[in-house]
Structures are given as structure tokens and as C-alpha cells.
Amino acid sequence: MTETTLIEQMRNWRHLLHQNPEFGHQETQTAAFIVDKLRSFGISNVKTGIGKTGIVASLRIGSSDRTIALRADMDCLPIHETTNLPYSSKKANLMHACGHDGHTAMLLGAAARLTSEGGFDGTVHFVFQPAEEWGQGMQSMIADGLGSTIKFDEIYGLHNMPGLPIGQFETRAGAFMGAEDGFVITVYGTGGHASRPHECNDAIVCACSVVNELQTVVSRNVDPADLAVVSVTSIAGDNVKNAISSTARIEGDCRHFSDEVSQKIESAIKRIAIGIAAAHGCTADVTYDRVFVPLINDADSVDHCVTAANTIFGPDNVNANGAPMGASEDFARALTLAPGAFAIIGNGDSAPLHNSGYDFNDDALAYGMDWFVELVRQRLKPKT
Ligand SMILES: [Zn+2]
Ligand SMILES: [Zn+2]
């Protein structure tokens with residue numbers, strides 16, 4: 001198959017996936033489509049149900065035991081599409097607003113070419129992960145053997161990026177994308193009549209003090225050289241206009257680039273919430289969840305990514321020292337299994353990710369596919 005024909009096919013696959021988006025861990029039609037394509041290329045070793053709806057297809061050529069994993073994501077977002085494109089989502093309130101349709105098409109294209117053309121010695125695992133958006137998919141694949149029974153020496157992934165011109169590539173050694181933690185503080189007081197505050201312990205007034213003091217979590221606890229954000233995003237009481245609240249619920253979101261900072265934030269939030277509550281004659285419970293871990297790129301793997309990108313994108317279009325991003329990415333957990341790296345590629349002047357007007361740019365398909373193929377051929381170079 002010529003590359004032009006393959007790129008036309010990838011475009012068609014992408015549009016079909018775009019029309020039929022599926023939320024995380026419900027990607028049954030998407031997975032069936034991917035499996036059908038992989039088998040049609042001639043890949044027989046296709047494992048399904050890895051992390052509920054995830055897929056790992058393995059292609060071995062030659063005699064080397066070296067193994068590389070390439071990952072794409074498959075899930076969509078609960079957003080109602082407003083692009084009016086001819087291939088818009090057919091489903092209300094579900095949309096490929098992060099371009100995972102494009103990532104899947106690129107990895108399928110790479111699988112098609114590597115199967116038909118070879119050019120490497122070893123094994124490639126094509127990993128199609130579910131449920132990236134809510135940070136559950138990679139954990140579920142790991143629980144089903146990714147990285148243990150399905151082993152690899154290195155793993156790589158990419159994401160499209162609006163605002164970065166088409167044909168540009170960016171990555172960074174070390175911390176590249178942020179972790180996301182979530183917290184819920186419940187303040188318990190004693191409610192009562194709004195006219196008789198002296199008989200109550202007002203949970204709302206207490207919660208307001210907690211929210212104010214939470215502004216010191218980063219400014220007084222985290223090294224100024226480390227990046228950290230703590231945002232209170234929701235506060236609610238008993239919701240009765242003429243009654244003093246007996247409880248108040250505070251929810252928030254934290255971003256950072258290291259486990260050490262995460263621990264500091266958690267302990268400061270707990271100390272402040274429990275201490276302030278006691279000062280008001282109330283009590284408080286705090287739950288703290290680590291949803292996304294920080295994405296830390298292995299330095300040698302970044303060099304490999306950049307070498308392959310220099311060939312495909314051209315050295316003038318490759319930035320090996322991009323700025324760290326506060327956004328989170330579930331691929332981070334894959335980097336706890338083996339050395340590897342994550343990169344971003346240009347999506348041109350499109351609407352932002354997670355916006356109802358966003359669309360993946362089909363002109364990026366060939367770049368991503370070619371980069372995956374080049375990376376495999378460089379990392380699993382046949383002995384001459
Ligand atoms: Zn996303
Ligand atoms: Zn995404």
C-alpha cells in the first residue's frame with residue numbers, strides 16, 4: 001500500500017471514530033473496530049479486555065528479544081460537539097474533544113506499515129488504552145498485566161497540541177506534565193435556627209475560614225522553586241436559607257510535579273482543615289485522592305524520541321526542551337513500568353483541547369504515524 005493510500009485510510013478511520021465516540025471503559029465499538037483493523041493487517045497476537053476495553057497487539061519480526069511499546073488512547077469526553085463538521089459526533093453529549101480519535105488512527109497506521117514493511121528486529125506492542133480522561137485506564141491495564149505479563153523495554157506515546165503548528169514536535173526530559181490530586185473536606189458543626197447563632201457551631205463560617213487558610217498551603221509550605229497549585233473549586237452547605245448549616249463540603253483540585261510536593265500539600269490541607277475546625281468548635285474529615293501521577297520523561301528515551309523526530313519533522317521543528325505543562329496525562333503511569341517518554345505534536349490553529357469546537361487536525365496524522373514507525377526502526381534496528 002502506498003503511504004498516500006494509507007493516510008487516506010487513516011483519515012477515514014479517524015472520521016468514523018469521531019462520529020462514534022465512547023466514554024472511558026465503555027469503548028466496546030471502538031475496541032472492536034481497532035481489533036478488526038489490526039487483524040486485517042495480519043497481526044494475529046491481539047489481546048483484548050486488558051483493562052476492560054483495552055487492547056495490546058504484538059508484532060514480532062526477526063529474532064531479537066528487544067521489545068518496544070507504543071501507546072494510543074481511545075476514549076472521548078462528556079461534551080456536546082458544536083463543530084458542525086460533516087463527521088460530527090452522532091451522540092449527544094459525547095465528543096472526541098481531545099483528539100484520541102486521531103491518536104488511535106496514527107497508531108493503527110503505524111501498525112499497518114510496520115506489519116507490511118517490517119524494517120525492525122524485535123517485538124512491538126501496540127497499546128490502545130481506555131479511560132484516559134478520568135485517569136483510570138492505565139491503572140486497569142496494569143492490573144491486567146501490562147508491564148508484568150506483557151513486558152517491554154521502553155514505552156512511548158504522543159498527544160496533539162492546539163497552538164503548536166502542524167509539523168512541530170516538542171518534548172522534555174524529566175517532569176513534563178503535572179499530577180492531579182483531588183480533595184474533599186467535610187466540616188461538621190451543629191445547625192439550628194438562623195436567628196439563634198449562639199446555640200450553633202456554624203459549619204459555613206468555619207468552612208470559609210478553612211478556604212482562606214488553604215491559600216497558604218502552597219505559599220507557606222512548598223519550595224518556591226517547585227510548581228504547585230491548590231484550587232478550591234466547590235463549596236456547599238445544607239442549602240436551607242433560614243437555617244445555619246450543620247455541615248459544609250469543600251472540594252478542590254491540586255496540580256504539581258512531584259510526589260514529595262503532593263505529600264506536603266496533603267498534610268498541610270489536613271492540618272489546616274482539622275485545626276481550623278477545632279478552633280470553631282467543629283470537626284472535619286479530609287479525603288485526598290491521587291488521580292493522575294506526574295509525567296516524568298526518562299532522559300535517554302527523550303533522546304531517542306528526538307532522534308526519530310529530527311528525521312521526520314526536521315531538526316528546526318523539534319524542541320527537546322519544551323516547557324512543563326500543568327495539564328495531566330494518564331500515560332504518566334506507563335512511565336512507572338519502564339523507561340520511556342511522551343511528546344506533543346502540532347495540531348495547528350485549532351480550538352483548545354476539551355472545547356466543544358475542537359477538532360483533531362488530519363494533517364497531523366502522517367507526522368505521528370511516521371514518527372512511531374521511525375522510532376521503532378531506530379530502537380529495534382536490525383543487525384547488519
Ligand atoms: Zn483530554
Ligand atoms: Zn487527551
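Helix 259-279 and the long axis of the chain differ in direction by around 20°, with both axes built from C-alpha atoms. Residues whose amide H lies under 5 Å from that of residue 192, counting only those 5 or more places away or on a different chain, are 244; hydrogens are built 1.01 Å from N in the peptide plane.
Label positions at residue 188 and residue 231, each projected 7 Å from the Cα along the C-beta direction, are separated by 3.1 nm.
At q = 0.24 Å⁻¹ the log10 of I(q)/I(0) for the range 316-369 amounts to -1.25, computed by Debye summation with a single uniform scatterer per C-alpha, solvent ignored.
The mean sequence separation of alpha-carbon pairs under 8 Å and at least six residues apart, normalised by the residue count of the chain, gives a relative contact order of 24 percent. As a ratio to 2.2 N^0.38 Å, the alpha-carbon radius of gyration for the range 246-382 is 1.48. Hey, how many Å between the Cα centroid of the range 315-331 and the Cα centroid of the range 139-209? Centre-to-centre (Cα) distance: 20 Å. Taking the fewest neighbouring Cβ atoms within 10 Å as the starting point, the ordered list for 170, 132, 260 is 260, 170, 132.
Using the Cβ-Cβ distance between residue 323 and residue 85 with R0 set to 22 Å, the FRET efficiency works out to roughly 0.10.
Against the chain, whose longest principal axis comes from its Cα atoms, helix 28-41 is set at around 20 degrees.
Once the chain from residue 134 to residue 303 is taken as fully extended at 0.36 nm per residue, the excess over their C-alpha distance is 57.9 nm.
Here the range 226-244 is scanned for amide nitrogen atoms under 19 Å from the site 7 Å beyond the Cα of residue 215 along Cα-to-Cβ, giving 228-236. With each label modelled as a point 7 angstrom along the Cα→C-beta vector, the residue 117-residue 28 pair spans 3.7 nm. Phi angles of the range 308-325 translate, via the Karplus equation with coefficients 6.51, -1.76, 1.60 and θ = phi - 60°, into HN-Hα couplings of 5, 5, 4, 5, 8, 8, x, x, 5, 10, 10, 10, 8, 9, x, 6, x, 10 Hz per residue; Gly and Pro are given as x. Average 1/r across all pairs of distinct alpha carbons in the chain, invert it, and you get the Kirkwood radius: 22.5 Å. Kirkwood hydrodynamic radius of the range 170-291, from the reciprocal of the average inverse Cα-Cα distance over all distinct pairs: 15.3 Å.
Here residue 251 and residue 349 are evaluated by their C-beta separation; at R0 = 30 Å the FRET efficiency comes out at 0.30.
The modelled label-to-label distance between residue 239 and residue 93, using points 7 Å beyond Cα along the C-beta direction, is 1.7 nm.
Read-outs throughout are calculated quantities, based only on the coordinates presented, and are distinct from any laboratory measurement. From a predicted model like this one, the values you see are computed outputs, not experimental measurements. Cβ: placed from backbone, ideal geometry, glycine included. Neighbour counts: every protein chain shown.
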